[in-house]
Amino acid sequence: MKFSKPGASVALVAVASLALSACSSPGASSSGPVDVSLWTHAAGNPAEIALIEELTTAFNESQSEYAVSIEDLPQASYNDAIVGAAAAGDLPCILDVDGPVMPAWAYAGYLAPLTVDSAVEESLIGGVKGYYDDTLYSVGLYDAATAIVTRESILSEFGIRVPTVDEPWTGEEFDAALATLQSSGEFENALDMGTGWTGEWYPYAFSPFLQSFGGDLIDRDSFETAEGVLNGPEAIAWGEWWQGLFEQGYVSTKESADRERFAEGTVAMQFNGIWAAKTAADTFDDVLFLPTPDFGAGAKIGAASWQWGISSACENPEAAQAWIDFALQKEWLVRFSNETGNIPATAEAAAESDLFQPGSPYLQFVENSATLALIRPATPAYPVIAKVFEKAAADIMNGADVQRALDAAVDEINADLAANNYYE
Amino acid sequence: MTLRPLGALHRRLWLPVVYWAVGALLLMAFSFPMVFMAVSSLKPDDQIFLDLKTMNAFLPTGDVSLDNYVGVFARVPVAQFLLNSAFTSALVVGLGLVVNSLAGFALTRVRWRGQTVVLGLLIATLIVPFETIAIPMVFLVSRLPWFSIDSAGLQFQEGLMNTYAVQILPFVANAFSIFLFAQYFKSIPRELDEAAMVDGASWWRVYRTIVMPLAGPVVATAAILTFLPVWNAYLWPIMTVQKEDLRPIQVGLQYFFQENVEWGQIMAYTTIITLPVLVMFLLFQRAFVASIASSGVKG
């Protein structure tokens, strides 16, 4: 490198400095309606972000005091962005939060309690209400649900009963069905559990099976230990059943993230979320969405999807609350359900949703959500619990000793609880 | 008697074959992921998965089109993200070369008390992972004074959040670059400085006209090693930049990881963001290889 002109480097610094300052974002406008910032995780999800924009435009036009402005961030980096903004004291006014993460944010002081009208609060289904410490911090416009997906023709061919939420398969029935399907030789595997999806899918999808056995991720009475619930006899029974699925070849240990095998016909059943329902229904005209089996403590599925909250840094919480109240109107709940394919936040909206009319196969998801859904533990420790459970479930799937894997998980969760003074 | 020359002949014949065969294998090993990425970017998702178990994965077979690229441009402001990454990378590299070479120069060519301790402390900072200091750094930059120029004129503000500056300034001074410059400058004979000073040259003139013109290889190395992390920056921009029009290219990749992942679009996006780096490498291939070989640094 040769600097042929004197002071080139000084000039570079000066020009760069000017360029940096010129390209900085301008300050907020000082006149007109008060600007209220909103962050959402929906970047890259065209249907959802379009709807949030439409909703916000409608809200802004409905009054003249506030103008809500949207910043959309990609889901995978959203939580880190919130943590960064909190450290910088730069949180937005309105923000969405994944249901099980909400207690951690409320505990950290990121969120302020909501003041939703009690009648509206009462009308919301359980999975869309985010309570921590008996206080409502977040509400969702929709919820997701999971189901066993299969085909009527498969069940009838092998003489397998169609279960209902009132009479779900027992654990023995489910295992027998898997054995029958596997031994038929018609499928590579009887079931696709989606183990190729990592992250929150593991606790969201698989911990309800643990809870159906009678175990849990943490003692929900005290929220101070996982001892006895994540490594007790019921949890061990779950672990052995879970490991057996793979050992007996009912489920492949090498499932990929694309989850195309049910559509290809190489698996007989799939355990999946409502977001995958349309693809399945479009592929097979005899598709069935079924409740999960009952392993003794009742059939369970996970609950709570993305919800809206108000940050504690919000200077206009009344504006943020007004936006949330506006969004909770039936009209918008129906729109969100129709266009994102999720379960509306109220039964009233579900009755008007295109997807959940009488006779629709998707109604099973509403039924599953209403009767089987269990909120993941509302504790600030949940992000740690989720990661620990994911590791334990993956280890057991890959052949680890069940008792040892669950004991290690309990130790790790309890260590985190103790290190944080039990999040008091 | 006749065997020896034949053996030598065999060696002469076989050595290039082995050389080229190993070279071809290495080429395949390193290029196949990129070929797969580029080829898959032209296929619909079901074709990608259909081809996965055969060599077709590396061939443009089936329903080949530019639909994934159209989808990418419709879904994400790719051009803006590319410009943002190019802008921040260019400034970090440009400013970094000036600042770090000056620091390296001061630490090795100018004699002052404590310079070894300072260099040691700088090197010690290399053992601290970025993730460890990310949150304190966010806290710090959010309170630094800054200025902007808009329609109302010069504005002063607290904090660099949501600016290009926050993506550039913290990475200009780079301990590893300083170390590289310092090491390289040590190898240039001091007599050159002394001779220039006898002729009345200042330190600045020595730096500018004696030392830097001899530092081509280390400049190239420092430029590469500074460019790549900034081009690939992910965690820092996530935490400090929430405005979409300031977002860099790597954060944009996350737009595609929704519940129903469209892998063809991901392949198209990664092809788009890999191309500039690939073109840069091909353009400066000789300088890169020479600089890395001469400095003994792995990229």
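The values are calculated or read from the model by the stated rules, or taken from the named source; none is laboratory data. All figures in this text were calculated on a predicted structure; none of them were measured in a lab. Cβ coordinates were reconstructed from backbone atoms using ideal geometry, including for glycine residues, and neighbour counts include every protein chain displayed. Just the protein is used for accessible areas: all its heavy atoms, side chains included, with ligands, DNA and RNA removed. Shrake-Rupley method; radii C 1.70, N 1.55, O 1.52, S 1.80 Å.
Key figures for this structure:
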quantity: Expected 222 nm ellipticity per residue - DSSP helices of 4 or more, -39500 (n - 2.57), all of the protein assembly as shown, to 500; calculated: -16000 deg cm²/dmol
quantity: Solvent-accessible area lost in complex, 50 Å² minimum, residues of the stretch B:215-253 relative to chain alone, 1.4 Å; calculated: B:238, B:242
quantity: Surrounding net charge for residue A:330, when Lys and Arg each add one and Asp and Glu each subtract one, Cβ distance under 13 Å; calculated: -3
quantity: Trypsin sites (Lys or Arg not before Pro) within the stretch B:39-123: DSSP coil, no more than 14 neighbouring Cβ in 10 Å; calculated: B:53, B:111, B:113
quantity: Low-density loop cleavage sites - chymotrypsin sites (Phe, Trp or Tyr not before Pro) in the stretch A:186-236, where at most 15 other Cβ are within 10 Å (DSSP); calculated: none
quantity: In the stretch A:41-129, GluC sites (Glu not before Pro) in a DSSP loop with at most 13 other beta-carbon atoms within 10 Å; calculated: A:65
quantity: Three-way shape call for the stretch B:23-100 based on the alpha-carbon gyration tensor, with the a/c threshold at 1.5; calculated: oblate
quantity: Solvent-accessible area per residue, Å², over the protein assembly as shown with all protein chains present [probe radius 1.4 Å]; calculated: 45 Å²
quantity: Local electrostatic count, residue A:136, Cβ distance below 12 Å [Lys/Arg +1, Asp/Glu -1]; calculated: -4
quantity: Residues in the stretch B:147-175 that, when all protein chains are in place, have 30 Å² or more less accessible area than the chain alone would give (probe 1.4 Å); calculated: B:147, B:148, B:149, B:150, B:161, B:164
quantity: Coordinate range along principal axes, alpha carbons of the stretch A:57-147, Å, largest first; calculated: 35, 34, 29
quantity: Separation of the residue A:329 and residue B:67 label points, Cα + 7 Å toward Cβ, nm; calculated: 3.8 nm
quantity: DSSP-defined beta bridges in chain A - what % are antiparallel, rounded to 5; calculated: 60 percent
quantity: Exposed-loop-free span, longest in chain A, where trypsin sites (Lys or Arg not before Pro) count as exposed if DSSP calls them loop and at most 16 other C-beta atoms lie within 10 Å; calculated: A:255-424
quantity: Enclosed volume per residue, in Å³, of the convex hull spanned by Cα atoms of the protein assembly as shown; calculated: 232 Å³
quantity: Rounded to 5, the percent of DSSP beta bridges in the protein assembly as shown classed as antiparallel; calculated: 65 percent
quantity: Calculated FRET value between residue B:228 and residue B:151, using beta carbons and R₀ = 30 Å, to 0.05; calculated: 0.20
quantity: Sites residue A:404 and residue A:222 - FRET efficiency at Förster radius 25 Å, r taken between beta-carbons, to 0.05; calculated: 0.50
quantity: Partners for residue A:278 among aspartates and glutamates (Cα-Cα distance below 15 Å; same-chain residues under 8 apart left out); calculated: A:260, A:286, A:339, A:354, B:259
quantity: Percent RCO, i.e. relative contact order, over chain A, from Cα pairs under 8 Å lying at least 6 residues apart; calculated: 26 percent
quantity: In Hz, Karplus ³J(HN,Hα) per residue of the stretch A:347-356 (6.51, -1.76, 1.60; θ = phi - 60°; x = Gly, Pro); calculated: 5, 4, 5, 4, 5, 9, 6, 4, 7, 10
quantity: Kyte-Doolittle mean at least -1.0 and Cα axial length at least 27 Å: DSSP H helices in chain B; calculated: B:3-40, B:78-108, B:263-283
quantity: Fraction of accessible area attributable to carbon and sulfur, chain B (%, probe 1.4 Å); calculated: 71 percent
quantity: Average beta-carbon neighbours from other chains, 10 Å sphere, peptide B:128-135; calculated: 1
quantity: Average partner coverage of A:255-261, which counts Cβ from other chains inside 10 Å; calculated: 3
quantity: Degrees separating the helix A:382-397 axis from the principal Cα axis of chain A, which is the longest one; calculated: 40 degrees
quantity: Between helix A:8-22 and chain A: long-axis angle, C-alpha atoms, 0 to 90°, nearest 10; calculated: 70 degrees
quantity: Carbon + sulfur, % of accessible area of the stretch A:178-238 - ligands and nucleic acids excluded, 1.4 Å; calculated: 48 percent
quantity: Nearest 10 degrees, 0 to 90: helix A:402-419 Cα axis against chain A principal axis; calculated: 30 degrees
quantity: Residue of A:309, A:359, A:265 that the Gaussian network model of chain A assigns the largest fluctuation, springs spanning Cα pairs under 10 Å; calculated: A:359
quantity: Gyration tensor (Cα) of the stretch B:76-256, equivalent ellipsoid semi-axes in angstrom; calculated: 35, 18, 17
quantity: Residue-averaged beta-carbon neighbours from other chains (10 angstrom radius) around B:91-101; calculated: 3
quantity: Summed buried accessible area for A+B [probe radius 1.4 Å, Å², rounded to 100]; calculated: 3900 Å²
